[in-house]
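**Q** Quick one: structure below, then a few questions.
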Amino acid sequence: MNWGNKITLVFIGFVILIVSMVIFSTQQEFDIVEENYYEEEIAYQGKIEEIQNGNNWNGVVSIKQEGNNLALKFEGAEKVNGKIQFYRPADADLDFFVPISEELNIPIEKFKAGSWKISFNWEMDGKRYFKEEQIFIQR
């Protein structure tokens, strides 16, 4: 086999590699976190203040997997108005919201095994708060 044939084979192999990478990358599904990310970015200073308020808050948020339930306890929920977002980074179709309550038990069947982010957004005494926790659901 001469050098001309070897160079041709390397070139054909490279073209096949590039074409297969293009086909693979166009078939990937990418879920975005926010549909209106531009407006969210403009209002991000408010989000920074909510995060600081959440970090300075003296209350307790506990999340435990107890048997067939995910148990959430939110100290001070009787005085607050807000929601809890369950966010699955790998699949946006599994995301859901529930209103904040002092104690909450959610059946583990509602969750797919793996990593989840739980975001607490609430308002108390005229201030907005944000706290985020990450959990790993096991089956």
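The values are calculated or read from the model by the stated rules, or taken from the named source; none is laboratory data. Note that the coordinates shown come from a computational prediction; the quantities given were computed from them, not determined experimentally. In this analysis, Cβ positions are derived from the backbone assuming ideal geometry, glycine residues included, and neighbour counts consider all displayed protein chains.
**Q** Residue under question is residue 128, and the condition is that it be over 30 Å from residue 28 (Cα atoms), surrounded by 15 or more Cβ atoms within 10 Å (Cβ to Cβ) and of a type in the set (D, E, K, R); does it hold? Please lay out each step first, then the result.
**A** Working: over 30 Å from residue 28 (Cα atoms): yes; surrounded by 15 or more Cβ atoms within 10 Å (Cβ to Cβ): yes; of a type in the set (D, E, K, R): yes.
When the stated conditions are applied, residue 128 passes them.
**Q** Give all pairs with beta carbons closer than 7 Å in which a residue from the stretch 92-112 that is closer than 20 Å to residue 29 by Cα and assigned by TED's automatic domain parsing to the domain that holds residue 75 meets a residue that is of a type in the set (A, V, I, L, M, F, W, C) and surrounded by 13 or more Cβ atoms within 10 Å (Cβ to Cβ); count only pairs at least 6 apart in sequence or on separate chains.
**A** That search, which allows pairs on different chains as well, returns 95/86; 96/86; 112/94.
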